[in-house]
Amino acid sequence: MVRRLLHPALAGAVLTVPVLALGAAPASAADAPDVDEVATALEQEHVYFAPEIDELPDAEADAVYTAAQEAENPVYIAVLPEDAFASNATAEAFAQDLTSEVGADGTYAVAWGNNLYLNSNVMNDGSLQDVYRQAQSEPTAVDGLVTVADASDQAISGEESAAASGMVLLGILGLLVLGGGFFLYNSKRKRDAKAAQELADIRKMAEEDVTRLGEDITQLDIDLTKVDEDTRRDYEQAMDAYDRAKSSLEAIRTPEDVRQVTTALEDGRYYMNATRARLNGDPVPERRSPCFFNPQHGPSVEDVLWAPPGGTDRSVPACASCSQAVRAGHDPDVRMVEVDGQRRPYYDAGPAYAPYAGGYFGMNMMMGMFTGMMMGSMMGSMMGAGMGAGMGDMGAEGGDMGGDLGGDDFGGGFGDSFGGGDLGDFGGFDF
């Protein structure tokens, strides 16, 4: 019993990569090939090329003939011009009639224009899909048709081997389950250990920043009874921020928790700068983000153009010292952390450090500053949701295409034309 041919739903959902142009005389719906004529040719030689396809090199045509005739398991290939049928429905009816007319067990490939049908009553769905994928991976359409014949033998041999080794595999399966369980346990243990180490490193990093702010506050040595109200208010806000940072530090349980610490530190450093300015009789500085190179430096004073190693220029906030270093062509004083035994910039230390930077700069600002930088996957953790959604959309489209490959029959784009255009996509994939 031959199996139903797939409806050509994929024909309009493919990209075209021209590979081969074959000349052919124009055809019309009235010139649809005769089923008996094609079936007779397939019964005799297993291959039928429509007379309209008159520019295919002999060597390539011979390769298709040889592959089909020498296949251990019967393969039948019919190649028709693009305009052989008035509609896909007509084409499908022809393909079904042709399969019934030949009536032999085997694998059938009917190609016309940018469409291909694969149909088999001698292999299972998975094997047929594998043949389909192998064919589409070939550099030209002719190579793809040859592969249909060669891959069919391999697929059927594989099915026979799989059946013979089925009982052995069942025995091995038990061992794999045990081994897999140990592997998962061991992998989880390693991930937990790595996460614990990262958390310890991040906690230490945040603790150093908190200590640094505390030292700055202590060194200020201010007498609140001798300052005006504005100075007292800014100093008290700096102290409050310092206290929040210490409390948040003690509450850290995950890398994400460090964001609360660095957010409080950013507040504290600004109000310390404001307090110093008021004590010195200087204008209170504008509220700016911390120095990008080392947030311990406090608020930035300007934006400078800077390029990471191997990267392009971008505008980043910097303190006066780091700005001068960048303009002089020197390396700024970058906040370094230890990752896997190596010292690296905090912004290139991995996704666990993203919350640390996010608390200082805010996520919106980080997206602008860090775009395009080598971030050690830090930005991947922040942008993964958006990119994942985009890939999900692509996956959904791929799923729609893959859905049309279900069942026992496969069909889709097979180039622009065997009759007069370029051969490109084989069954919905690019050569």
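Each residue in Tyr185, Tyr242 was given a count of other beta-carbon atoms within 10 angstrom of its own, and listing them fewest first yields Tyr185, Tyr242.
The ellipsoid equivalent to the alpha-carbon distribution of segment 196-287 has semi-axes of 29, 11, 10 angstrom, derived from the gyration tensor eigenvalues as √(5λ) and listed largest first.
Remark: segment 46-90 carries a charge dipole of roughly 260 debye about the Cα centre, counting +1 on each Lys and Arg Cβ and -1 on each Asp and Glu Cβ.
Take the Cα of Asp221, step 7 Å toward its Cβ, do the same at Gln197, and the gap between the two points is 4.4 nm.
Label sites at Asp125 and Arg212, each approximated as a point 7 angstrom past Cα along Cα to Cβ, lie 6.0 nm apart. Under 5 Å between amide hydrogens, built in the peptide plane, is the criterion, and for Val75 it picks out Thr107 among residues at least 5 positions away or on other chains. Excluding same-chain neighbours fewer than eight residues apart, the lysines reachable from Lys190 by a Cα-Cα span under 23 Å are Lys204. Assuming R0 = 56 Å, can you tell me the calculated FRET efficiency for the pair Asp282 and Glu338, based on Cβ-Cβ distance, to the nearest 0.05? Computed FRET efficiency for Asp282 and Glu338 comes out at 0.90. Taking R0 as 30 Å, what's the FRET efficiency between Ala307 and Lys204 from their Cβ-Cβ distance, rounded to 0.05? The pair Ala307/Lys204 has a calculated efficiency of 0.50. Spin-label model, Arg233 to Thr40: label points 7 Å out along the Cα-to-beta-carbon direction sit 10.2 nm apart.
Here, each number is a calculation from the coordinates, and none is a lab measurement. Please read all numbers here as calculations on a predicted model, not as lab measurements. Note that we place each Cβ from the backbone using ideal geometry, even for glycine, and neighbour counts take in every protein chain shown.
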